[in-house]
1. Sequence gap at least 6, Cα distance under 8 Å: using those rules, report the relative contact order of the chain to the nearest whole percent.
2. For the ranges 41-48, 447-454, what's the packing order if you count other beta-carbon atoms within 10 Å of each residue, average per peptide, and put the highest first?
3. Using only helices, what value at 222 nm comes out for the chain when you add -39,500 (n - 2.57) per DSSP H run of length 4 or more and divide by the total residues, to the nearest 500 deg cm²/dmol?
4. Rg(Cα) of the chain divided by 2.2 N^0.38 Å?
5. What does the highest-first list of 396-409, 311-324, 270-283 look like by mean Cβ count within 10 Å?
6. Please work out the C-alpha center-to-center distance from the range 141-201 to the range 369-412 and express it in whole Å.
7. Where both residues lie in the chain, what percent of DSSP beta bridges are antiparallel, nearest 5?
8. How far, in degrees from 0 to 90, does helix 168-216 lean away from the longest principal axis of the Cα atoms of the chain, to the nearest 10?
Ligand SMILES: Nc1ncnc2c1ncn2[C@@H]1O[C@H](COP(=O)(O)OP(=O)(O)O)[C@@H](O)[C@H]1O
Ligand SMILES: [Mg+2]
């Protein structure tokens, strides 16, 4: 079976930054600049305490000149801080924006090229959440929290260095008294935080996924009269999220102990200072520097730990995003030697096998040939594997075993664009994007113009059908084509096919009872389109089987 990784709901966060780095590498220049600006602005912040200390010493010594110098220093540092802070904020958010924009492009680009099998193997809500929600969370983190985290982390480091320079004795005393306690509180918090915040992120993702899915599947849910089942599912997700949030709040509360430590440290500091000042070991200004800086230090540590929780959340989101990116490697550049597909050719399948899940072949050992210009129906009961076979024949799935050749060329070796140009599948449920008929027809390789669209409409005998749509080619088809019936969607599919001018056309007939008028139009359109092409119709109506000269019967994944 082809290697298609299925994404884990709760990914491992181990080594996530190492795995993420390659995606950030293109932005390393601006990120370094942002970091330098951050360090500079933090240094200015820390220097404010020092300037105040100078001032206090000047006052106690009654030295006017020194006081003026201290005031000038203070003003200078405050102004520098203002400019540097602004500069670092701008650079940091610019770096974040660039990184995010790059990621968003990458995700969309890779999802657009992802093998059909990968997309089908995932909950749509989950992929949506990963490709939009996770990126939104990450944007928020990079824009707001990371700058904070960086600023506060640097403040702690630089303040400690400054205090050591002022009075290593007092600093060491403070460190000896309070660092073990602070570390113990942090360890207590950290012990619980990965599991707690991981659970919170997973619960949040699951809730959003279920919600998104129930929205897109709304019609299918209401139709069988079981919306309550989805409400039940959603409620279970919601309850889990609530419980996860409560737990996160409790773990966050452990950090309140820091407030207590801060008070004790200030008290200890004042008592030690009295003794040290008396012994002429310390100036009053230095004591002020210590009091101001110690408060800063504790505030910073508190903020840091609060941010650590959010950083954990961002880490889980990031891991889910990196999983998605890693699972969808960049499309290999088409080999320079990709063989050209001839304008017309035989379609030959040999010994095809395909399984959606390991060990359960849905197509088992199918060999079948459709010579150029062949007209055949594919028939069999529901679930026999017709649609899967059609996706294999049109190159939308890669077979686990066996080959599909067109004009003698293995589809795997040809460029996907050429395969789409030669072999077209019109699925049972043709996908219509929200917009006009012309916008939907433009969704064809080669960006056809209006004249080409008009010609296709005439070629397929659909002039009257288009004329009856309010607005003709510019008729609004509603949100995802809700104004069209299944048969009419297939008419749009046939028009798209006519614009591509393929050699092989595979039509998976709509199963819904077609109204006779639409059925007639479809028949005419198919008839007009088929000349000179190979036509394979997955037939759901006896009339179709009768009309076509040859029938291939499918039974439990084999040909009969
Ligand atoms: N995306 C999918 N994921 C897993 N199983 C699938 C998927 N699509 C089809 N199957 C299974 O493969 C079998 C063949 O389905 P399909 O090719 O759609 O048959 P048919 O078109 O003849 O009704 C069925 O058992 C179906 O449940
Ligand atoms: Mg089918």
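What follows is calculated from the coordinates using simple rules that are stated; it is not laboratory data. These numbers come from a predicted model, not from an experiment. As a convention, Cβ positions derive from the backbone with ideal geometry for all residues, glycine included, and neighbour counts pool all protein chains shown.
1. Working: 758 pairs, mean separation 90.9, N = 560.
Reported as a whole number, the value is 16 percent.
2. On the way: 41-48: 20.4, 447-454: 13.9.
Highest to lowest by the protection proxy: 41-48, 447-454.
3. -21000 deg cm²/dmol
4. Values: Rg = 33.9 Å, N = 560, 2.2 N^0.38 = 24.4 Å.
It is 1.39.
5. Values: 396-409: 18.5, 311-324: 22.5, 270-283: 13.7.
By packing density, highest mean first, the sequence is 311-324, 396-409, 270-283.
6. The range 141-201 and the range 369-412 have Cα centres spaced 62 Å from each other.
7. Numbers: 17 of 34 bridges.
Bridges in the chain are about 50 percent antiparallel.
8. In the chain, helix 168-216 runs at an angle near 20 degrees to the longest axis.
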